[in-house]
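The values are calculated or read from the model by the stated rules, or taken from the named source; none is laboratory data. From a predicted model like this one, the values you see are computed outputs, not experimental measurements. Positions of Cβ are generated from backbone atoms using ideal geometry, with glycine treated the same way; all protein chains shown enter the neighbour counts. For the accessible areas, the whole protein counts, side chains as well, though only heavy atoms, and no ligand, DNA or RNA atoms are used. Shrake-Rupley method; radii C 1.70, N 1.55, O 1.52, S 1.80 Å.
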Amino acid sequence: MKKGFLLVVVLFLTIISDSPTFVHSADPTKVIVISFDGCANQLMQKYLETDFKNKGFGRIAKEGTLKAMQVSLPSLTATSHISIITGEAPGRHGIVSNNFHKTTESILKSTNGFVAEIDARTPALWETAKAQGKRVGVITYPGLDGSSERRTADWGLIYTESESSPFLQTFTKANFQEYDGALPQDIRSYSTPLVATLTLLENKTLAKMDSSLVHHHGNNGKNGDTTEKVKRPFKVLAIDSTNDQTKNYDILIFDEDADLKNGASGSASLYQPWVGLGFQSSGVLKGSWCKLLSFEPDLSRIELYVGALNVTRAYPQSFQDLISDRAGFWPGAPDRKNPMVTDEIILEQALRFSRYLTKVTLLAAKTQKWDLLLAYQPTLDELEHQYYMTDPRQKDYSAEKSKRYLEIIRQGYLEINKAVDQMINELPNTNFVIVSDHGMEPLHSVYYPNRVLAKKGYLPFLTPNEGPDATKIRVRSFSSGGLGHIYINLKGREPDGSVSQSDFQKLKQEVVALFKKESAISQVWTREEAEKLGLNHPNSGDIILVGEPGFHLNDDTKTGEPTEPASFYGQHGYDPSLDSMKAIFGAWGPNIEHESQGSPTQREISYKEVLPFVLNLLKN
């Protein structure tokens, strides 16, 4: 560790005593900090009354503390998680959005907030804990992906990107031929078993443990992926399991080597349609969850949804092997951007993902050495983005559809409540600190700041036959959710800068005036004015746009209208003081004093209070 950074940590440790008061002295215990992405305080309070009763969050509210938490601006996943874990505003730690621009780089280049380095002046919780001699583990918490020394715990599971996209596999009778192998005694087919081939595509080489491995939040697809692929074939056996003198196949058995005597990868039928196809490759476990959608008994048509191929990556190798053996392969996030995927499939995928992460968290807690464990689950955020339909202005809104969509979200909340209940029951001597990173707003429109800039001549529209030219760009927006950073392409700052220092202030005032007239924008700030918002950092835009709730800010620069109907239904990133953007803070365990709901001490807290609270627990 560098001496300068160590000094920052030492100085930081002198100010952690100013934390929430609901901690009492007890024997030393471990601390699990778990974040449920998108867990909105408004919905939490609703389900506390109707669904949670004395389990999970209901138990935490009765025995510990559970309250609203205001997060940082922007109320976005990458920014908020780093704000919570450093106790500092984005203006200090530098992760100013899920997507932003570094002014030392070309105006054409964006930076992903999930893989960007935290400002060297700002130690994260895991760094401070390790400096105290604590052992730290991680289950996919944003910012701890093992890609650099600062982003590495003592052990951890990484949130990885998929290796290939989902697809629909269709079989007909012509794809099958007679199976010439022997069936084991426990498998019987009353018609001649037939065999076809299903081919998965995996990366030819295993990705390095660096930032390119990390899942980019909200991007489950693999568009533009140029990684060289190799085929991974599975044999698919059609079996007729009914002794009715009729040729009616009803079960598919999947196997890597077609030798069923040494076992099979799995089976599927219309009664049990999901099958997980896992395999070892390059020393890691990979796999795809597939669902049988249709199955004609005469094999005239079989439809199989083949999910994204995902890879399990953890460190050290012993922990990765343990996860593979005891929990199976990484299932990945729901396939919510695929038009062929039904709402039922998305919910099933989301619940499977949550259960996997819960299982791995408990497995790690019971088998690894640790004092602090940082865990993360994105289930609610995934479902709310897709299904938060509450506003008649939303595309295809109807009362019936809204009711159906909100029930899907409710199922997500019920699942995380089960997860919390299971964890506190199985780890009763552990202190739990449960947080979220933002709430959610119903989304009705997509707004394109770059199209507005292009119409004013600040930015050229891109055409299919014309690539971008940095020297022609005067101003450009980089947006995420409800917030946009607008950067002026300044000479002497950005490479290929096009705006002189003498024109800078005048141009900035013009752009501020332009967006103050836009109904999709609720607030417009210069970087200097954003100091009071905690957003004045060199990574911040020269101008900052805070969206009006209901508008999603998009970076597209193609010709088109500045506003279009949104095709998904939930968004965040807006003013964190809004009730709809409030996150949650909960705490339960042997060192946590109870705060009853509605008591005078049951105040809303700030994200800045979480880090000192956790460090005080670790000191006990």
Run A333 past the list (1) in a loop (DSSP other than H, G, I, E, B); (2) farther than 30 Å from K247 by Cα; (3) open to solvent by less than 20 Å² (accessible area, probe 1.4 Å) and report the number of the one that doesn't hold.
(3)
List pairs: first residue in the range 466-488 and touching a residue at least 24 places away in the same chain (Cβ under 8 Å) and open to solvent by 50 Å² or more (accessible area, probe 1.4 Å), second residue in a loop (DSSP other than H, G, I, E, B) and charged (D, E, K, R) anywhere in the structure, Cβ distance under 9 angstrom, at least six positions apart or on different chains.
T471/D496
Options S300, S265, S269: the member that is touching a Gly at 6+ places or on another chain (Cβ under 8 Å) and either at pLDDT below 95 or under 18 Å from Q169 (Cβ atoms) (or both)
S265
For the range 231-262, give me each residue that is at pLDDT below 95 and open to solvent by less than 50 Å² (accessible area, probe 1.4 Å).
A258, L260
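Would it be correct to say that Y271 is of a type in the set (F, W, Y), surrounded by fewer than 22 Cβ atoms within 10 Å (Cβ to Cβ) and either farther than 15 Å from F234 by Cα or over 23 Å from the mean Cα position of the chain (by Cα) (or both)? So that I can check it myself, show each step before the final result.
Numbers: of a type in the set (F, W, Y): yes; surrounded by fewer than 22 Cβ atoms within 10 Å (Cβ to Cβ): yes; either farther than 15 Å from F234 by Cα or over 23 Å from the mean Cα position of the chain (by Cα) (or both): yes.
Criteria met by Y271.
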All-but-one check, F319 against (1) more than 21 Å from the chain's Cα centre (by Cα); (2) over 30 Å from S189 (Cα atoms); (3) open to solvent by 10 Å² or more (accessible area, probe 1.4 Å), failing number (3)
Looking at (1) assigned to a strand (DSSP E or B); (2) within 28 Å of A566 (Cβ to Cβ); (3) of a type outside the set (D, E), which is the only condition A350 fails?
(1)
For the range 366-402, name all the residues that are part of a helix (DSSP H, G or I), open to solvent by 10 Å² or more (accessible area, probe 1.4 Å) and over 27 Å from T563 (Cα atoms).
K366, T367
Which ones in the range 289-315 are part of a loop (DSSP other than H, G, I, E, B), buried (at least 20 other Cβ atoms within 10 Å of the Cβ) and among the hydroxyl-bearing types (S, T, Y)?
T312
Of (1) open to solvent by 10 Å² or more (accessible area, probe 1.4 Å); (2) out of contact with any Ser or Thr (no Cβ under 6 Å at 6 or more places or on another chain), E441 satisfies every one except (2)
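In the range 183-212, what residues are assigned to a loop (DSSP other than H, G, I, E, B) and farther than 26 Å from L299 by Cβ? Even if it seems obvious, please write down each step before you answer.
We begin by selecting, within the range 183-212, every residue assigned to a loop (DSSP other than H, G, I, E, B); these are 183-193, 204-210.
Passing the criteria: K204, T205, L206, A207, K208, M209, D210.
For the range 50-61, state whether one or more residues are open to solvent by 20 Å² or more (accessible area, probe 1.4 Å), within 23 Å of P576 (Cβ to Cβ) and either assigned to a strand (DSSP E or B) or touching a residue at least 40 places away in the same chain (Cβ under 8 Å) (or both).
no
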Boolean, K286 is of a type in the set (K, R), open to solvent by less than 20 Å² (accessible area, probe 1.4 Å) and free of Cβ contacts under 8 Å to residues at least 60 places away in the same chain
no
Residues that are farther than 21 Å from Y305 by Cα and touching a residue at least 40 places away in the same chain (Cβ under 8 Å), drawn from the range 259-279:
D259, L260, K261
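Please find, among V446, V511, V452, the residue that is farther than 19 Å from T104 by Cα, assigned to a strand (DSSP E or B), among the hydrophobic types (A, V, I, L, M, F, W, C) and touching a residue at least 24 places away in the same chain (Cβ under 8 Å).
On the way: V511 fails: assigned to a strand (DSSP E or B); V452 fails: assigned to a strand (DSSP E or B).
Result: V446 is the single residue among V446, V511, V452 that is farther than 19 Å from T104 by Cα, assigned to a strand (DSSP E or B), among the hydrophobic types (A, V, I, L, M, F, W, C) and touching a residue at least 24 places away in the same chain (Cβ under 8 Å).
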3 or more residues open to solvent by 30 Å² or more (accessible area, probe 1.4 Å) and within 27 Å of T390 (Cβ to Cβ): qualifying strands (runs of 3 or more DSSP E) within the range 533-620:
563-565
